[in-house]
1. Quick check: Cα centre of the stretch A:15-52 to Cα centre of the stretch B:360-438, how many Å?
2. Under a crude label model (7 Å from the Cα following the beta-carbon direction), how far is A:T342 from B:L40 in nanometres?
3. Ordered shortest first, which distances in nm separate the 7 Å Cα→C-beta label point of B:L475 from those of the other copies?
4. On full extension of the chain, what length is gained from B:E184 through B:E248, given 0.36 nm per residue of separation minus the C-alpha to C-alpha distance?
5. Quick one: with label points 7 Å out along Cα→Cβ, list the inter-copy distances for A:A237 in nm, shortest first?
6. Kindly report, to the nearest 10 Å², the accessible surface of A:D80 as traced by a 1.4 Å probe over protein heavy atoms only.
7. Pull up the DSSP beta bridges for the stretch A:32-298 and report the antiparallel fraction as a percent, rounded to 5.
8. Hey, if we sort B:R339, B:R189, A:R439, B:R35 by accessible area with the 1.4 Å probe, largest down, what's the order?
Protein chains: 2
Amino acid sequence: MAKQAYSRRDLAFQLHEVLQVERLNRFPYFKDHDRGSIDLVLDTAGQFADQLLKPLLTELDRQEPQLVDGTIRVHPGVKDIVHRFGQDGWINALFSYEEGGQQLPGTVYNAAVFAMQATNYSASVPPFLTLGAANLLRSFAAPELTAAFTPHMYAGRWQGTMALTEPDAGSSLSDISTSAEPTEDGYYRIRGQKIYISSGDHDACDNVVHLMLAKIKGGPAGAKGISLFAVPRQRVAEGLPNEATQPEELISNDVVTAGIYHKLGCKGAPIAHLMIGGDGDTRGYLVGEPNKGLSYMFQMMNEARLAVGVSAAAIGTAAYYAALEYARARPQGRPIANRDVTQPQVPIIRHADVKRMLLFQKATMEGALGLLLQCSYYMDVARVGEGAEKERAELLLDLLMPIAKTYPSEMGVLSTSAAIQVHGGAGYTTDFPVEQFWRESRIHPIHEGTTGIQGLDLLGRKITQHGGKAVGLLLEEIQATIASAAVVSELAPLAAQLTKNVGILQQVTGHLLGVAARDHELFLADATLYLELAGLVVVAWQWLRQARVAQAALPAAHPDDQNFYHGKLMAAQYFYEYELVRAPGLAKRLQSANAVTVAMQEAWF
Amino acid sequence: MAKQAYSRRDLAFQLHEVLQVERLNRFPYFKDHDRGSIDLVLDTAGQFADQLLKPLLTELDRQEPQLVDGTIRVHPGVKDIVHRFGQDGWINALFSYEEGGQQLPGTVYNAAVFAMQATNYSASVPPFLTLGAANLLRSFAAPELTAAFTPHMYAGRWQGTMALTEPDAGSSLSDISTSAEPTEDGYYRIRGQKIYISSGDHDACDNVVHLMLAKIKGGPAGAKGISLFAVPRQRVAEGLPNEATQPEELISNDVVTAGIYHKLGCKGAPIAHLMIGGDGDTRGYLVGEPNKGLSYMFQMMNEARLAVGVSAAAIGTAAYYAALEYARARPQGRPIANRDVTQPQVPIIRHADVKRMLLFQKATMEGALGLLLQCSYYMDVARVGEGAEKERAELLLDLLMPIAKTYPSEMGVLSTSAAIQVHGGAGYTTDFPVEQFWRESRIHPIHEGTTGIQGLDLLGRKITQHGGKAVGLLLEEIQATIASAAVVSELAPLAAQLTKNVGILQQVTGHLLGVAARDHELFLADATLYLELAGLVVVAWQWLRQARVAQAALPAAHPDDQNFYHGKLMAAQYFYEYELVRAPGLAKRLQSANAVTVAMQEAWF
């Protein structure tokens, strides 16, 4: 196993030097958080990761969960992890003091999550799912419903899930068929089945609370008839549980684990196939109002999609540090300038092609992390800010979200693959952790909306909504970065290149909006490529931000820090030289009149 | 499991319509092979694959080989497979009638191998390794040595291996330390260790014959002191075995299996860590002359690297057909033009983004197959041709080899990943075969020379050798294709685009040769990107060849064939519209004066 999974120094750089996250304490909700307390949170997260998560990285992958006697059995170490997540206050850290939380900025929290997930992604999945489910309850459910479930969830005793997908409804959620029938006792009888439910059942918690989409009988067709329910795996005999409810008081709520899926990776977190209400005895509790389930779910979608981006960047970062460690230690070959075979071999990190692969990982993953923390910052302002500032943050966040979800996810797969390549044959064996990272990374372009769905969201919705106001705001932000970098001689070439590529993106956008007016299918046919192009430009912006800070700090820096800043500047150069150069090719295709994919017919494959 | 793993129709198209492989029977060695016999070979390969290989695809992956009591135990079904490979004449099919072979053209053989490996790659690894080892013996060993081992190998009873890699010598073979000490009895005492030896030990064969690199004591340093030995795992008490040698006559040759590696994929074919001569009792038999081991190995390298390309294209093709089958069967979502939720969902193959992912797979893998068969054809001519024709084929083959190895390997990983993406969440589970294909594909950019090594081979050696003669010949071939396509109105745009991109590649080549004169490290720093650029241009050439044939055949074709030809034309369009457009971006980077990777320092990471 690699010694280092992420860089604490880079987290400090991104949070304090680039983002100046401390500025958030101008908002009353965050007033207690200064640099000292923020660093303490990050250090605590690091200790938690090292002590609890790191030892189980390989084991959770090798000892897959199994369905035994109707319950999914996970590695015994998972129980300790989920309970400690709760006890140590990591599940409700974002929430108010009144709720027992710490009113922590999401930006800081996501940096802490990044550290944990770089250390052991799949171990962190169950508690963060609990957080997402609890957040849905506290945001939209009646107080008595929230009070019934969330204390157990915050404590890490009860698992929370998002139960959306069904056999016939994955990307197309409007097609769910799980039904809810009202009763005179206030609850609904739920019936249906759900698939791919992460942490949908396991023996590390005493109970599971599913936040489940279902259709109330007789309601409207499609998405407009979807409601959200809290459906516990086990319930109390009558009424709702309370904070003091003990495991022995729980009885079955007729939610049956029909199967467990075996997966390519992320094996520490089981996914279940659930049969609900087979005996007609599943009680579900309506969250908020009827028929608003999808809109509630979508209001939480930004958090969920940002979380996927963070996970993807975390795994990619862990793979990068594993590759870096290997490249420094592994002697093989000699410098091209002096191939004398009587001389000892040199560490492979001296070869330009290996440095290229390492820079690719560094540039994509640290660029991704910058974007994710930037979006987290917008999310914090959107949450506690007011007026124009709040609106601006909301618009920027909504616009950037498909990119923040997809760029780390897609590049994470390539980045972990590069980490394998640095290892050569060793990387293909289970003796090194990179093959596991590669397998774990592959889920991220799929879950919480596939890359294809994100492309449609960006081009088909986010670009045009509010009359294109969000795009205008993003351009303002990018222009401000360009203006501040253009006056620094070392960065002026990057600033000019970004200006040019922003222009390319604008031109492509204009072209596609012209297509939209006459052919909606053609307009959206290459939305995935549009998303890729936008990702390149946005991450190039992030790199210019990071480069500007590094360039300014370099002259007066301590020698160790000088190395760090040089690394940042080289990674920025790498991004512009090797990655951003792909933009014109994408733009050319996006503006082509040749509708290849639309014209292709099923019978021709 | 998917029903179809490859397209028999496409093999006929590539071999008969595009390549006109029957032309090879103008050479006496191939005179007995006409279209009828060639089709029979392909059909027989298909039956072999369906009957023997297909049933074990999943099982070989799930039941990994284990080291038990010093021997690697493989799935019991492997024994039947390797023996049938031998009995049915698949191991020595390429060799002469005198050797018991069929004098089969390598082009036809590789098409048959493609069909088998698309069906079950890892099951095919052991027998094809035996073929490679046997070919080394018959090509370079004294007749009595060849006669001692090859009959058992051809019959599938004895396994053959290529034993090159050592703990300190992977990409840098000149650093091997396995030693060979001559004895008065004609054999050598071998001592050392070898790692990652594919099929280096298993219980499906009675014996293993390692074709092993070692250094004769007192010989020159580095690559010039490497010799090739036949080192059996078990030997007869005195002298050499013969055709009639029975398993019970065999005694240990002091080759000990010290470990087995557990891998990401290709689990049907074990890889071993071998300790040789620990008791000073390992006998090795010199193959050919002393100190020529590496040159013998390299003369077989074209076959080995072409074989990797075929394997990669085969796995990618299998993943494509699995994705195609899923996309046709899986209903999800509605057409963008009519999203009425009261209407049934449509198969996902109707969505442009899904068609894009399928076309990506089709375009990259069928393009790769075209290149591989083209190279196989050159190999056949190089093998049996004479004079200028032979020299031309040799030069083209040598030049194209790094591309033929790397393009399918690199794109195979992306193509199988796209197959997962088409499946959505289902693709991440072990319920569908695509995750296995993805894992199996990942070895190909690594083994038989990593992508980085191939880039150095192309740019640092192949482009310039023989005064650039090979490049001139390739340009002639490409120009001939362009000329024949440019006069067809439907294909003229593609011909023009290829002309332009060939020009880009020439310009980049000229630029880099200029750099070579002043800075050799900088010249080769981006060799991997140069290889990628060359791959795009060469595969675009292959697509123009295929498109030209399809366009000509379309008007008079049977309706089923019309669908096939339309598919070819659309895939060609796709390749030019979505893949070849990446060339200018690569060219820009390759001509940049910013030496990012060379300048990057170890301490800055």
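The values are calculated or read from the model by the stated rules, or taken from the named source; none is laboratory data. Source: prediction; values computed, not measured. Glycine gets a Cβ as well: all are built from the backbone with ideal geometry, and neighbour counts include every protein chain shown. Keep in mind that these areas ignore ligands, DNA and RNA; they rest on the heavy atoms of the full protein, side chains included. Shrake-Rupley method; radii C 1.70, N 1.55, O 1.52, S 1.80 Å.
1. Distance between centres, Cα-based: 50 Å.
2. If labels sit at A:T342 and B:L40, their model points lie 6.2 nm apart.
3. 4.5
4. Values: separation 64, 0.36 × 64 = 23.04 nm, distance 2.70 nm.
Length gained, B:E184 through B:E248: 20.3 nm.
5. Distances to the matching label points in the other copies: 8.4 nm.
6. Ignoring ligands and nucleic acids, A:D80 comes out at about 90 Å².
7. Working: 32 of 40 bridges.
For the stretch A:32-298, the DSSP antiparallel bridge percentage is about 80.
8. Details: B:R339 145, B:R189 95, A:R439 15, B:R35 115 Å².
Output order, biggest surface exposure first: B:R339, B:R35, B:R189, A:R439.
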